[in-house]
Structures are given as structure tokens and as C-alpha cells.
Amino acid sequence: MTADTHPVAVSDQADEIARQFALLSRVEWVRTITTCITYGMMSMFLPVWIPFLAMICDLVMERMGLHLMRGLDPARMPRRYLASLVSVGVMEACYTLPPVLIWQMEHPFAKAIAIGAVTMTLLQLTTVRAIHLPYGLMGWGVVGVVTLLGNGVYWLGLGDLHGLALSSLAACGAIAYTYTAMRSNHRLHTELMRRGKAAEAANEAKSRFLAQMSHELRTPLNAILGMGQAELALATDPDTTERLEILVASAQSLGVILDDILDMSAIRQGLLPIRRAPSDLRAELESTAATYRLLFTQAGLSLTLHMADDVPKAALLDAQRLRQCLSNLLSNALKHTKQGGATICARQDPMGVLALTVTDTGSGISPDVLDAMFEPFQRGPSQEPGTGLGLSISRALARRMGGDLELLPSAIGARFRLTVALGRLEDGVTVTAPALPPRIAPLDLGGRLILVVDDIATNRFVAATHLRQMGAAVAEAASGAEAVAVAQARQPDLVLLDMNMPGLNGLETLRLLRALSESLPVVAMTADATEAHRRHYLEQGLDGYVAKPLSPASLAAALAPHLSQG
């Protein structure tokens with residue numbers, strides 16, 4: 001059995017029909033206009049009522065066919081599928097009949113018009129209708145039968161059997177070639193569909209793998225970063241302090257890489273939402289620039305922000321994602337600039353689009369990597385550390401916010417333009433300046449009992465170490481069932497709860513803890529580190545959320561709202 005005669009899976013049939021429907025819908029008005037023009041030309045040779053009735057029937061059948069094709073699955077809707085096939089056949093018969101009648105005429109242009117009209121419909125059948133082959137074959141069969149019958153009537157009326165034989169042979173050759181072309185195009189469409197699905201599946205598998213690896217790496221990273229920070233807090237020897245600072249900084253860099261991988265995975269799966277809210281735009285830009293200005297100054301560089309007067313104070317946008325994009329550009333400039341510095345120029349165009357141009361005096365972009373620089377994991381020849389995800393993530397986020405990220409020509413260094421569509425605020429809506437990162441005072445948990453629940457002993461040890469340095473007493477549980485027993489026996493002041501445990505998972509354990517005490521604060525402590533995870537757990541009733549790897553600052557920030565000091 002040849003490749004093109006293998007039965008197509010039901011799901012593939014439905015997919016073929018959906019793709020053909022999408023293509024026909026996109027060109028519907030163009031096809032309608034050209035069809036009306038063609039029928040108008042036919043009316044020059046035939047009584048007007050013939051092409052007019054044929055045109056009405058043709059257009060009605062096409063509309064009916066499109067309606068039947070919407071969401072059509074032949075396996076579940078056989079009668080509807082049959083009706084759609086019949087609509088194709090009737091439509092092609094209506095279209096082919098007038099050219100066949102014109103073929104009978106002796107007008108010098110009649111046969112040219114007839115051949116042109118039939119050729120048009122055969123081209124459409126061999127290209128668009130070939131996506132789902134039964135539609136193409138139905139139309140092809142009807143056109144072939146009507147054409148051959150009309151040709152036979154013409155030549156038999158003349159009594160010219162020789163002309164009938166030659167013209168029928170030529171028509172059969174053209175029809176046979178059309179059939180071959182149709183099947184070839186169908187195989188091409190099928191192969192493209194198969195490759196597209198395979199590529200999509202491979203990308204999804206890669207994204208799942210990267211996300212899972214990011215999740216799994218947070219457990220050992222939690223231990224490295226946690227123990228490094230704990231020892232750094234106790235270190236007094238300068239050499240030891242320096243080594244521990246390098247260890248902690250490297251672990252934090254790895255954490256940033258894991259966050260980037262999670263963001264890229266979420267973007268590819270369409271799971272990274274854009275949340276527009278009233279924001280103080282000018283303050284957001286000034287705050288981000290101020291944060292990086294300190295880093296530039298420490299590196300002996302300058303960072304300047306120029307904001308045009310047309311940049312509004314208040315706008316509707318996702319401030320967090322805007323800061324993320326701008327931070328990636330500034331981090332990129334800081335990484336590749338050894339002398340001079342960087343400049344941010346902000347303005348708003350008349351269409352309400354914010355344009356941020358970031359220019360640096362660094363090494364610039366090599367021509368070898370220009371085409372691929374926005375692709376994930378592309379770092380070019382630079383020896384600077386990094387994953388090559390920052391620009392890719394920023395462009396994806398910018399496009400989701402109605403803008404883009406582009407590289408502009410620059411004689412010195414690199415010059416990027418970030419654009420973001422700004423929404424208009426309704427009258428009376430007020431905005432507040434972005435909050436500075438909270439300064440968490442050293443948390444004194446003296447006399448507080450914290451229950452740490454995690455099936456991995458290393459994670460419990462890291463959390464317990466941080467908590468004991470804050471003065472807390474710590475109880476541990478390796479499972480949800482054990483956590484319920486400890487909570488019932490010792491009545492802790494707060495529970496740090498891992499969400500991914502064998503047996504009773506985090507949410508199941510939460511419900512049992514709530515049955516013991518509605519007022520007991522329970523904070524999720526998890527390697528599920530995306531914003532979607534955080535929202536999900538808070539919506540499920542957790543009182544707080546802290547992502548692994550833990551740090552004293554993140555832990556204090558999560559605990560402070562629930563444990564009043566003093």
C-alpha cells in the first residue's frame with residue numbers, strides 16, 4: 001500500500017478539515033468577489049438567468065459547506081460530514097455547468113472563457129481542497145463528469161467522432177494530471193502537518209523537561225544556598241567570609257538561571273500571563289534605573305535615564321513584566337560594558353506605545369550572532385556567564401504586551417528598543433508609586449515553635465537552620481500524616497509545608513491541619529516557583545508562600561506577616 005492510501009486517523013481527519021476551514025475562511029471574501037466576476041463574464045455569453053442562478057446556488061452551497069465544516073469530526077458526525085461532501089459536489093456542479101454551456105457556443109472567445117473558468121476551479125481543488133482529500137476528490141469527480149458530458153454533447157451534436165475522441169483524450173489527460181497533483185499536494189500537506197506536530201511535541205517535551213529539571217535542581221540548590229548563607233552569617237575569618245560570599249553569589253546566580261528556564265517554559269506553553277493594572281509608569285522606570293545605577297556605579301560605569309515629557313505618570317500596564325524586560329536589557333549592558341556606561345531614553349508615541357531605548361558603550365553585537373540573538377540559549381562568542389535566555393524572554397514578553405524588542409544599528413556598543421502598548425486609565429483612577437523592596441528587620445522568633453514539613457531531610461535541615469538562627473524552636477515532620485500528629489501534640493505557632501510529598505500531599509495535609517485549628521498559619525514552602533503556582537496555592541487557602549531555594553530574607557518576609565514580634 002502506498003503512503004497516500006493509508007487510512008487517515010480520525011483525529012487527523014478532523015484536523016485536516018479544521019485547517020481547510022481556516023484557509024477557506026481567510027480567503028472567503030476574495031473567493032466570493034472573484035466568483036461573482038467570473039459569473040459576470042459568463043453572463044456575456046449566456047442568458048443572464050443561467051449564470052445568476054448558478055452563482056446563487058454556488059454561494060449558498062459554499063456558505064453551507066463552511067457552516068458544516070466548523071468543528072466537524074467525521075467519526076462523530078457522519079451525516080453532517082456526508083452533507084458537507086454533497087455541498088462541495090453541488091457547488092462544483094453549479095460552477096462547472098455554465099462554462100460547459102459556453103463551450104457549445106461558436107463565439108471566438110467562448111472556449112477560452114470556458115477553459116479558464118474550469119481551470120480556476122481545478123486549481124482550487126488541487127491546492128486548497130487537497131488538504132482534506134475527500135473534499136478534493138468529490139469536487140474533482142463532479143468537474144470531470146460534467147466536463148466530459150458537456151464535451152460529448154458538443155462533438156456528438158456536430159457528428160464529429162474524431163473530434164470527440166481527441167478532445168476527450170485531452171480532457172481525460174488533464175483530469176488525470178489534476179488527480180495526481182491533488183494527491184501529491186495532499187501528501188505534502190499531510191507531511192507538513194506531521195512534521196509540525198512532531199516539532200510541537202518535541203518543544204513541549206523539552207519545555208516540560210526543563211521545567212522539571214528546574215524544579216528538581218531547587219532541592220540541592222536549597223541546601224547549597226541555605227547552608228552557605230547560614231555559615232556566612234556566623235563567619236568571622238575574612239578568607240572564609242570571602243569564600244562563602246562567592247559560594248552564595250554563585251548559588252544565587254544558579255537560582256536566576258532556574259527562574260529564567262521556568263519563564264521560558266511558561267512562555268512557550270502560553271502560561272505566563274500579562275496582568276495590566278494602573279501603575280505609576282514614571283516611578284517604575286525611575287525605580288528600576290535606581291536599582292541598576294548602584295550596580296553600574298560599583299562597576300565604575302554610569303547609568304542615565306532620560307524621560308520625555310510625553311511619558312505619562314499613570315498608565316495601564318503590567319509593571320512587573322516591564323521591569324523584567326528593562327532589567328534584562330540593563331543586566332545585558334552591564335555584563336558587556338567595561339568603560340563608559342548605558343543610557344535609557346523613554347518616550348511615548350502618538351499611538352500610546354511606550355518606547356524605551358537602551359544604549360551602551362560595550363563590545364556590541366557580533367554580526368555572526370545577529371540573526372540568532374533573540375533565540376533561546378543563544379549567547380554568541382561572549383565569555384560572560386549567562387544562559388542566553390534574557391533577550392528571548394524579553395522579546396516574548398514585549399510582544400505579549402503589544403510591543404516588541406528590536407536591535408537598532410549603533411556605531412558603538414549595542415542599542416535596543418523595547419516597546420510596550422500602554423492602556424488608558426479611566427478618569428478618577430489613582431496610582432501609587434512602586435513599593436521599594438521591603439526591608440525585613442531581623443526576625444526575632446524567640447519562644448515561637450515552627451513546624452517544618454518536608455519529605456526530604458535536607459530541606460528540613462536548611463529551613464530549621466535559618467529558623468534557629470532567628471531564635472525559633474523547630475519541630476520537624478517527614479510526611480503529612482506525621483505533621484498532623486506533631487501539630488496535634490505540640491500546637492506550633494506556624495507550619496512551613498512542602499506541597500509535593502508522597503502520600504498526603506501539601507493540600508491534603510492543609511485540610512487536615514485546618515480541621516485541627518482554623519487559625520494556625522500555614523505557609524507553602526515549595527520548589528513550585530512560578531507566579532502561577534504562587535497564586536494557585538494562595539487561592540487554595542495557604543496563608544503564605546515561599547519558594548525554594550530558601551534564604552533568610554525570603555523566609556523572614558514570608559513569616560513576618562503571621563508572627564507578630566514582641
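Exposure proxy for Cys36, Cys325: other Cβ atoms within 10 Å of each Cβ, ordered fewest to most, give Cys36, Cys325. Extending 7 Å from the Cα toward the beta-carbon at both Ala249 and Ala485 defines two label points whose distance is 4.7 nm. In straight Cα distance, which aspartates and glutamates are under 19 Å from Lys313, not counting same-chain residues fewer than 8 positions off? Leaving aside aspartates and glutamates fewer than 8 places away in the same chain, those within reach of Lys313 are Asp280, Glu284, Glu286, Asp349, Glu426, Asp427. At a Cβ-Cβ separation cutoff of 4.7 angstrom, cysteine residues of the chain with no neighbouring cysteine are Cys36, Cys172, Cys325, Cys345.
This ranking places Tyr81, Tyr177 by how few other beta-carbon atoms lie within 10 Å of each, fewest first, which gives Tyr177, Tyr81. Partner lysines whose Cα lies under 29 Å from the Cα of Lys335, excluding those fewer than 8 positions away in the same chain, are identified as Lys206, Lys548.
Residues whose amide H comes within less than 5 Å of that of Phe374, counting only those at least five positions distant or on another chain, are absent (H built at 1.01 Å from N in the peptide plane). For Arg415, the shell of other residues with beta-carbons less than 13 Å away shows a net charge of -1, using +1 for Lys and Arg and -1 for Asp and Glu. Matching the structure-derived Rg and Dmax of the Cα atoms in Å against the labelled list (i) 34.4, 114; (ii) 29.4, 104; (iii) 23.2, 74 gives the label (i).
Remark on Leu305: its backbone amide H falls under 5 Å from those of Ile344, a criterion applied only to residues 5 or more positions apart or on other chains, H modelled at 1.01 Å from N.
Helix-derived [θ] at 222 nm for the chain: sum -39500 (n - 2.57) over DSSP H runs of at least 4, divide by residue count, nearest 500? Before the final figure, lay out the partial values.
Details: 16 runs with 327 residues, N = 566.
Theoretical 222 nm ellipticity from helices: -20000 deg cm²/dmol.
Per-residue 3J(HN,Hα) values for the stretch 41-57, derived from phi via the Karplus relation 6.51 cos²θ - 1.76 cosθ + 1.60 with θ = phi - 60°, read 5, 5, 5, 6, 10, 10, x, 4, 5, 5, x, 5, 5, 4, 5, 4, 4 Hz in sequence order (x marks Gly and Pro). Residue-wise HN-Hα couplings along the stretch 528-537, as the Karplus relation 6.51 cos²θ - 1.76 cosθ + 1.60 with θ = phi - 60° gives them from phi, are 6, 9, 7, 4, 5, 5, 4, 4, 4, 5 Hz; Gly and Pro carry x.
Taking Cα atoms only, the orientation of helix 78-103 departs from the longest principal axis of the chain by about 40 degrees. Taking amide H atoms as placed 1.01 Å from N in the peptide plane, the amide H of Ala277 lies under 5 Å from those of Leu317, Asp318, Ala319, each 5 or more residues away in sequence or on another chain. By other beta-carbon atoms within 10 Å, ranking Ile113, Ile56, Ile102 with the fewest at the front produces Ile56, Ile113, Ile102. Computed from the Cα positions only, the extents of the stretch 277-421 along the three principal axes stand at 40, 31, 25 Å, in decreasing order. Between Glu204 and Asp444, residue separation times 0.36 nm minus the direct Cα-Cα distance comes to 81.8 nm.
Since every read-out is calculated from the coordinates, none of them should be taken as a lab result. Please read these numbers as outputs of a predicted model, since none were measured by experiment. All Cβ positions, glycine included, derive from the backbone under ideal geometry; neighbour counts span all protein chains shown.
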